[in-house]
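Undergrad: I have a structure I would like to understand better, so I am pasting it below and will then ask my questions one at a time.
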Amino acid sequence: MTEDQAFLADCRARLAFDLLGNTWNSVVLWALKDGPRRPGALREHIGGISQKVLTETLRRLEFNGLVERRAYDGAPPRVEYGLTGLGRTLLAPIDAFGAWAFEHGDEVMAAQERYTRER
């Protein structure tokens, strides 16, 4: 990204920020880092996500080429979701954001408390 690049609607940097800006996108991608999972196992692994939100998130990630859906025949039929190669490229930035949050989370929460007290 260059300094003079505007954040236009079709800007590639803005696209990346939009992808990582959705809380559940990063969480689901990170939850899939060790391999494909069935939706129920994925939901259990994540915790705190409704079936509806998980389904919407998986569809959004699939639409963006970050996750692939694999359907298997059988009784009952089963579905798994796994990261694509493109999805795997986001693991390092997600890890970096997580490390930043771990290091600076207390400072952010203190700032939020100060702001709330002063209003």
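The values are calculated or read from the model by the stated rules, or taken from the named source; none is laboratory data. The structure displayed is predicted, hence computed values, not measured ones. Cβ atoms come from the backbone with ideal geometry, glycine included; neighbour counts cover every protein chain shown. Only protein heavy atoms, including side chains, enter the accessible area calculation; ligands, DNA and RNA are left aside. Shrake-Rupley method; radii C 1.70, N 1.55, O 1.52, S 1.80 Å.
Undergrad: Helix-derived [θ] at 222 nm for the chain: sum -39500 (n - 2.57) over DSSP H runs of at least 4, divide by residue count, nearest 500?
TA: -19000 deg cm²/dmol
Undergrad: Right, something else. So how exposed is D106, as accessible area in Å² (1.4 Å probe, rounded to 10)?
TA: Its accessible surface works out to 120 Å², give or take rounding.
Undergrad: Then there is this: Identify, among T89, L42, L29, the residue whose Cα sits farthest towards the positive end of the charge dipole of the chain, taking +1 on the Cβ of Lys and Arg and -1 on the Cβ of Asp and Glu, with the dipole about the Cα centre.
TA: L42
Undergrad: Suppose every K and R has +1 on its Cβ and every D and E has -1 on its Cβ; what is the size of the dipole of the range 6-81 about the Cα centre, in Debye to the nearest 20?
TA: Magnitude of the dipole: close to 80 debye.
Undergrad: I've got another one for you. For the chain, evaluate the Debye formula with one uniform point scatterer on each Cα (no solvent term) and list log10 I(q)/I(0) at q = 0.17, 0.19 Å⁻¹, rounded to two decimals.
TA: Values returned for q = 0.17, 0.19 Å⁻¹ are -0.95, -1.08.
Undergrad: Using Cα atoms only, what is the angle between the long axis of helix 12-21 and the major principal axis of the chain, expressed in degrees (0 to 90) to the nearest 10?
TA: The two axes meet at around 80 degrees.
Undergrad: Would you mind telling me the share, in percent, of accessible area of the chain contributed by carbon and sulfur at probe 1.4 angstrom?
TA: That fraction is 54 percent.
Undergrad: Here's something else I'd like to know. Please report the relative contact order for the chain, taking Cα pairs under 8 Å with a sequence separation of at least 6, and give it as a percent rounded to a whole number.
TA: 22
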